[in-house]
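Novice: If you scroll down you'll find the structure; I have some questions about it.
The values are calculated or read from the model by the stated rules, or taken from the named source; none is laboratory data. Source: prediction; values computed, not measured. Quick reminder, even Gly has a Cβ in these numbers, built from the backbone with ideal geometry, and neighbours come from all protein chains shown.
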Amino acid sequence: MSNNGLDIQDKPPAPPMRNTSTMIGAGSKDAGTLNHGSKPLPPNPEEKKKKDRFYRSILAGDKTNKKKEKERPEISLPSDFEHTIHVGFDAVTGEFTGMPEQWARL
């Protein structure tokens, strides 16, 4: 058998169906295509994160902890900073200027 010049054997297999505890297609014609002998797949990571967040909010009960977690630390600028080396690049010659010898050896 061919379909538009391609044999069925040339097509890649269909991706596996996701089984859940409630069989959505149990009453339909396609119920026989489900793999009844295998365990259902674990929940999606996004669903797990939502559940974890929900349980944490119930157990914590204190919204001030949540506020403290969201606050970003204040990081100051460097103190007593000295700019002692400047390396430049000459696009015409393709050479670096002002590079220390130790760096040039690398």
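Novice: Return a yes/no flag: does region 62-75 have any residue that is at pLDDT below 65 and either acidic (D, E) or in a loop (DSSP other than H, G, I, E, B) (or both). Write out each step before concluding.
Specialist: First, pick out the residues of region 62-75 that are at pLDDT below 65: 62-68.
Now restrict to residues that are either acidic (D, E) or in a loop (DSSP other than H, G, I, E, B) (or both): 62.
Yes, region 62-75 has at least one match.
Novice: Is at least one residue of region 1-19 part of a loop (DSSP other than H, G, I, E, B), under 29 Å from the mean Cα position of the chain (by Cα), at pLDDT 70 or above and basic (K, R)?
Specialist: No, every residue in region 1-19 fails to be part of a loop (DSSP other than H, G, I, E, B), under 29 Å from the mean Cα position of the chain (by Cα), at pLDDT 70 or above and basic (K, R).
Novice: Still on this model: Restricting attention to region 89-106, which residues are in a strand (DSSP E or B) and either of a type in the set (V, I, T) or surrounded by 10 or more Cβ atoms within 10 Å (Cβ to Cβ) (or both)?
Specialist: Quick first cut of region 89-106, residues in a strand (DSSP E or B) only: 89-90, 95-97.
Passing the criteria: F89, E95, F96, T97.
Novice: In region 44-60, is there at least one residue being of a type outside the set (S, T, N, Q) and either modelled with pLDDT under 65 or assigned to a loop (DSSP other than H, G, I, E, B) (or both)?
Specialist: No, there is no match, as no residue in region 44-60 is of a type outside the set (S, T, N, Q) and either modelled with pLDDT under 65 or assigned to a loop (DSSP other than H, G, I, E, B) (or both).
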